[in-house]
Amino acid sequence: MIEVAIMAAVALIFDLLPSIPVFNTSISFAMVPIFILAFRWGVKASAIAGFLWGVLQIAVGDLQALTFWQVILEYLFAFACIATAGLFAPGIRHALKNKKMGLAVVLIVLATFVGGFTRYIWHFIAGVTIWASYAPKGMSPFINSLIVNGGSYLGAAILCSIILAILLTTAPRIILARPSQGISRKGIEFKQ
């Protein structure tokens, strides 16, 4: 649980850094720590970390809140859904362990796009429903949300994929070296 809390805090710190502005949206690599947890520990740990990241954003006031339900949807639920990337964890770990770096990269990119999609689909829904009145005059809220949230999703997924593919193929121990039994008298035992 300490690792989950630390990674949620790192995601918040990354989110507070300036993003890359593109048209009416921005691109950030803040999901990287949640993806690392997803690949390292799977869905449960990364869902908790994503949820905690949303809570931390609310706590520090780094949010755009219109309604209570919008905050629940876009900050708690959406961020927890990044955890679907954890469904690919066994395959990613297996590929890294067996030094099949091409397969590892394909799975990392696929997992990142799936995890990002399950987050941004909720932002898209909020854009069509809750943020609809903020669409430019004459533009459908559906199209506006597709452009804003779709652009942010694609940019973030591409950026996170590049960072994760480079990081995890050059340092696979980030994913593979996991404590198996916790702390013992001899120190921490690691599972490879």
Can you tell me the 0 to 90 degree angle between the C-alpha axis of helix 43-60 and the longest principal axis of the chain, rounded to 10?
50 degrees
Stokes-Einstein diffusion coefficient of region 1-78, Kirkwood radius over Cα pairs, 25 °C, 0.890 mPa s, in µm²/s
191 µm²/s
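Which order results if 145, 28 are arranged by neighbouring Cβ count within 10 Å, fewest first? Provide the component values of the computation, followed by the final result.
On the way: 145 24, 28 19.
Lowest count first: 28, 145.
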Quick one: compute a quarter of the convex hull surface over the Cα atoms of region 106-148 and quote it in nm².
3.0 nm²
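Please list, by residue number, every one of the trypsin sites (Lys or Arg not before Pro) in region 91-131 that is coil in DSSP and has at most 11 other beta-carbon atoms within 10 Å. Write down the numbers at each step before the final one.
Values: sites: 93, 97, 99, 100, 119; in loops: 99, 100.
Here the sparse-neighbourhood loop sites are 99.
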Any idea what the dipole of the chain comes to, in debye rounded to 20, about its Cα centre with Lys/Arg Cβ at +1 and Asp/Glu Cβ at -1?
880 debye
Please work out, to two decimal places, the log10 of the ratio I(q)/I(0) at q = 0.09 Å⁻¹ from a Debye calculation in which every Cα of region 1-131 carries one identical scatterer.
-0.26
With Cβ to Cβ distances under 12 Å as the rule, what net charge do the other residues near residue 85 carry (K, R +1; D, E -1)?
+2
Give me the Å³ per residue figure for the convex hull around the C-alpha atoms of region 112-173.
69 Å³
Roughly how tilted is helix 101-129, in degrees to the nearest 10 and between 0 and 90, from the longest Cα axis of the chain?
30 degrees
PRE zone check, label point 7 Å out along Cα-to-Cβ of residue 26, amide N under 18 Å, scope region 93-117, hits none
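Throughout, read-outs are computed from the coordinates displayed, never taken from laboratory work. For clarity, every value in this text was computed on a predicted model and none was experimentally measured. Don't worry about glycine lacking a Cβ; one is built from the backbone with ideal geometry, like all the others, and counts go over all protein chains shown.
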